[in-house]
Amino acid sequence: MSQRIIITGAFRFPEGDAASARVVGTAKALRKAGFAVEFAGWEDQERPEDKQPEGGYSYQGFKYTSQSDLREQKLSPWKRLVRYLLMGSNTLKWLKSTDLTDVSSIVAYHGSSIFLLRLMFFCFKKNIKLFFDCTEWYDSKNLVGGRLGIVSIDNAIRMYLINKVIGQGIVISSYLEGYYKNKNCRILKVPPLIDIADAKWHSEDTNTHQPNAGDSLKLVYAGTPAKKDLLGNALRGLKILHAEGCKIELHLLGPSRKALLECLDGEESVLHEIEDMLVLHGRVKQMDVPKLVAKADFSILLRPQERYAQAGFSTKFVESLMASVPVIANVTGDIASFIKDNESGILIESETPEDFAKGVRRAINMPIEKKQSMRCNARRLAEESFDFRLYEESLRVLFDDNPSFN
């Protein structure tokens, strides 16, 4: 019988957030390597459409049991703190009560330091290997309570101490790979992975290399900017271009008008001036995102030169390329390792509105033949760099009982 691997942690399986896409891609590579992978995500409950006739729930062949450790409800500050500290308790109770026959490894996608400590002791007693999956290094100023808040302190303990004690895992970027390898951890860098055979990448929209017809340059942003993406700088850049009379459409998949105002620090005048450039689609189902992204000429991604941006790796970046849409982005993290300027994207000097506007001008003035070539290059780059099958062997070696891993 195949060795079983359980993936658990702070994600909403199967399609609730970008984190779920991350763990599904990794799981497909592990399954291809011969492991039987199951999920214990922290979403509220299983989806009715995933219920199986023989009982239980399954998504794309993966059994899963929802743990409800990320339950969203209004609580007092004190109760929120207690809930945060106890997050993962449902998962630990489930692990203690479930059949762990042939379970060789558990993968923890983030989670609090208290949860990870408890999980470490559980795995030690059960003789189960524990791996961490680290995709972020959050900045204290972006966390609830700031630098001296409980969440920030917990994050520091996890990143500086707990992951080091666990000693093995997968990370999403070269920055995290270098940090943990220097701490003598067994580490494998695994970027966001996709399944290039998935039907959503082979629709008439996502599989076309034809640039869009029409006078307007079509840009797209998909996701929730929060404090990670500098969408406000892109909007300010559009204001510069609007004053020049440029014809541009920015399609926004996810952000509301209120969210845009927050990105602009309440600068209503900017939003009012570029209103005719914006197309707000609201929240979009994950399965529908690729075909909407594919209608654009370029996607956009601006992030600051800060540690969290260097340590992370945007899922939307990978999905844009797979949808045959090149990216306009400033260089953070591993972006420059994949994007060659003027081939599969446009790399801009910085994340400022002015440099963003320069990059968009390049796109506006680009011949249609060049746009077509860049769409082909973007798709090829995604297929050759991010398909889960490329990581089958390296993950097999990492998770093997008797590894010879460097």
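The values are calculated or read from the model by the stated rules, or taken from the named source; none is laboratory data. Just so we're clear, the structure is a prediction, and the values are computed from it rather than from any experiment. Reconstructed Cβ throughout: ideal geometry from the backbone, glycine too, with neighbour counts over all protein chains shown.
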| field | Residues that are crowded, with 17+ Cβ neighbours inside 10 Å and either in contact with a His (Cβ under 8 Å, 6 or more places away or on another chain) or free of Cβ contacts under 8 Å to residues at least 40 places away in the same chain (or both), drawn from segment 180-207 | value | CYS185, ILE187, LYS189
| field | Flag for LYS247 being surrounded by fewer than 20 Cβ atoms within 10 Å (Cβ to Cβ) and either outside the structural domain of GLY312 (by TED's automatic domain parsing) or in contact with a strand residue (DSSP E or B) (Cβ under 9 Å, 6 or more places away or on another chain) (or both) | value | yes
| query | Do we find that GLU249 is acidic (Asp, Glu) and in a helix (DSSP H, G or I) in this structure? | reply | no
| task | May I ask you to verify whether ALA234 is under 21 Å from ALA363 (Cβ atoms) and of a type in the set (A, V, I, L, M)? | result | yes
| task | Looking only at segment 115-132, decide whether some residue is part of a strand (DSSP E or B), among the charged types (D, E, K, R) and under 17 Å from GLU38 (Cα atoms). | result | yes
| query | Just for segment 304-328: of the residues that are more than 19 Å from ALA21 (Cβ to Cβ) and free of Cβ contacts under 8 Å to residues at least 60 places away in the same chain, which one is surrounded by the fewest Cβ atoms within 10 Å (Cβ to Cβ)? | reply | GLN305
| note | The residue from SER344, SER350, SER394 that alone is polar (S, T, N, Q), within 30 Å of ALA36 (Cβ to Cβ) and surrounded by 15 or more Cβ atoms within 10 Å (Cβ to Cβ) is SER394
| message | Give me the strands (runs of 3 or more DSSP E) completely within segment 1-91, filtered to those with at least 2 residues that are surrounded by fewer than 22 Cβ atoms within 10 Å (Cβ to Cβ), ordered by residue number. | response | 36-41, 57-59, 62-64
| message | Condition first: buried (at least 18 other Cβ atoms within 10 Å of the Cβ), out of contact with any Pro (no Cβ under 7 Å at 6 or more places or on another chain) and assigned to a loop (DSSP other than H, G, I, E, B). Can you find one or more residues in segment 164-172 that meet it? | response | no
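Residues are listed down the side, and each one gets a yes or a no for (1) assigned to a strand (DSSP E or B); (2) at pLDDT 95 or above; (3) more than 23 Å from LYS141 (Cβ to Cβ); (4) not charged (D, E, K, R):
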{"site": "ILE300", "(1), (2), (3), (4)": "yes, yes, yes, yes"}
{"site": "PHE317", "(1), (2), (3), (4)": "no, yes, yes, yes"}
{"site": "SER320", "(1), (2), (3), (4)": "no, yes, yes, yes"}
{"site": "GLU343", "(1), (2), (3), (4)": "no, yes, yes, no"}
{"site": "ILE346", "(1), (2), (3), (4)": "yes, yes, yes, yes"}
{"site": "GLU354", "(1), (2), (3), (4)": "no, yes, yes, no"}
{"site": "ARG361", "(1), (2), (3), (4)": "no, yes, yes, no"}
| request: Kindly indicate which of VAL284, VAL289 is touching a strand residue (DSSP E or B) at 6+ places or on another chain (Cβ under 9 Å), more than 23 Å from ASN365 (Cα to Cα) and either part of a loop (DSSP other than H, G, I, E, B) or not assigned by TED's automatic domain parsing to the domain that holds LYS218 (or both). | output: VAL284
| Residues of segment 355-387 satisfying the condition of being under 20 Å from ASP334 (Cβ atoms) and hydroxyl-bearing (Ser, Thr, Tyr) | SER385
| query | Can LYS183 be described as closer than 29 Å to ARG31 by Cβ and of a type outside the set (A, V, I, L, M, F, W, C)? | reply | no
| note | Across (1) closer than 26 Å to LYS228 by Cβ; (2) in a loop (DSSP other than H, G, I, E, B), MET366 clears everything bar (1)
| Members of segment 54-95 that are more than 30 Å from VAL397 (Cβ to Cβ), modelled with pLDDT of 95 or more and of a type outside the set (Ser, Thr, Tyr) | GLY56, ASN90, LYS93
| task | Look through ILE153, ILE157 and report the one residue that is at pLDDT below 95, among the β-branched types (Val, Ile, Thr), closer than 26 Å to LYS141 by Cα and part of a helix (DSSP H, G or I). | result | ILE153
